[in-house]
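Visitor: Pasting in a structure now, in structure tokens, and then I'll have a few things to ask.
Only the coordinates and a few stated rules stand behind these numbers; no lab work does. Predicted, not measured: the structure shown is a model, and the values here were computed from it. For neighbour counting, all protein chains shown are included, and Cβ atoms are generated from backbone atoms with ideal geometry for every residue, glycine included.
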Amino acid sequence: MNNDYITLLLGAVFWQNIVLARLLGLTPYLVERSYSIRRMYHIGLITTMLMIIISPLVWAFNQFILLPLELFYLQTMLFLLLLLCFIFLGDCLLKRFENVNNWSYYYPDIFMNTAIMGLALLHLDYGHTFQEILIYSIGTGLGFMLILVLMEAMQERLEAAKIPFFLEGIPLNLIIISILAFIFSGFEGL
């Protein structure tokens, strides 16, 4: 594997983490209900799979349909429609399997996740090639899942701590995210 691809992958996981550097995909962190680490892992896994599949589709849709027809102004709307259609198609396919019955349990966290759509639009801004899109999508999904699990593990640890009432919930989550952003930005020089 090329050294640039390794740097791109590690950068997407750590110092260019989509949650910490771009503040995309914050919905699961900012809601006040508590999840389990297992659920956060599943949300991260589903989001990673969607990022890996949707990003190349959006790139191809942009390269072969929107650019030749000069329909730049429709990018966001059409990409969102493509994402929703793919999620619905995935739901229809997964319902055929008997062991996958909790897919709809993750709908709110997947539909409200801005990280998937934000990643698709970032690829267009960065001008990534197809291979770079795949590698960056894998790294971004892994970084998203890492932050999800870290945040939930911290929430479980903080349940036993005595926290002032004005810091409970969203303010504490934002403080934790900012501290994690400082920590992860330190990996950039390595």
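Visitor: Using Cβ contacts closer than 10 Å as the measure, can you line up Ile133, Ile183 from fewest to most?
Guide: Values: Ile133 23, Ile183 11.
Fewest-to-most ranking of Ile133, Ile183: Ile183, Ile133.
Visitor: To the nearest 10 degrees, how steep is helix 130-158 against the longest Cα principal axis of the chain, on a 0 to 90 scale?
Guide: 20 degrees
Visitor: Could you please rank Glu152, Glu132, placing first whichever residue has the fewest other Cβ atoms within 10 Å of its Cβ? Please list the in-between numbers first.
Guide: On the way: Glu152 22, Glu132 17.
If I rank by nearby Cβ atoms, fewest first, I get Glu132, Glu152.
Visitor: For region 163-171, what does the Karplus curve 6.51 cos²θ - 1.76 cosθ + 1.60, with θ = phi - 60°, yield as ³J(HN,Hα) per residue in whole Hz, taken in order and with x for Gly and Pro?
Guide: Ordered by residue, 3J(HN,Hα) equals 10, x, 4, 7, 9, 5, x, 4, x Hz.
Visitor: Now a separate question. Can you pull the one-decimal nm distance between simple spin-label points at Val149 and Thr27, each 7 Å off the Cα toward Cβ?
Guide: Here the modelled spin labels are 2.3 nm apart.
Visitor: Could you tell me which label, among [x] 158; [y] 138; [z] 269, carries the value of volume of the Cα convex hull per residue in Å³ calculated for this structure?
Guide: Looking at volume of the Cα convex hull per residue in Å³ for this model, the match is [y].
Visitor: Arrange the following residues from fewest to most other Cβ atoms within 10 Å of their Cβ: Asp91, Asp125, Asp4. Don't jump to the answer; show the numbers that get you there.
Guide: Details: Asp91 14, Asp125 7, Asp4 10.
In order of increasing Cβ crowding within 10 Å: Asp125, Asp4, Asp91.
Visitor: Using the alpha-carbon atoms, what tilt in degrees (0 to 90, nearest 10) does helix 3-13 show relative to the longest principal axis of the chain?
Guide: Tilt of helix 3-13: around 50 degrees.
Visitor: Quick one: which of 48-58, 158-168, 134-144 comes out on top by average Cβ neighbours within 10 Å, and what's the full order, highest first?
Guide: Numbers: 48-58: 19.7, 158-168: 9.2, 134-144: 24.2.
Top of the packing list down: 134-144, 48-58, 158-168.
Visitor: If you line up the long axis of helix 75-94 against the longest principal axis of the chain, both from Cα atoms, how many degrees apart are they, to the nearest 10?
Guide: Result, in degrees: 80.
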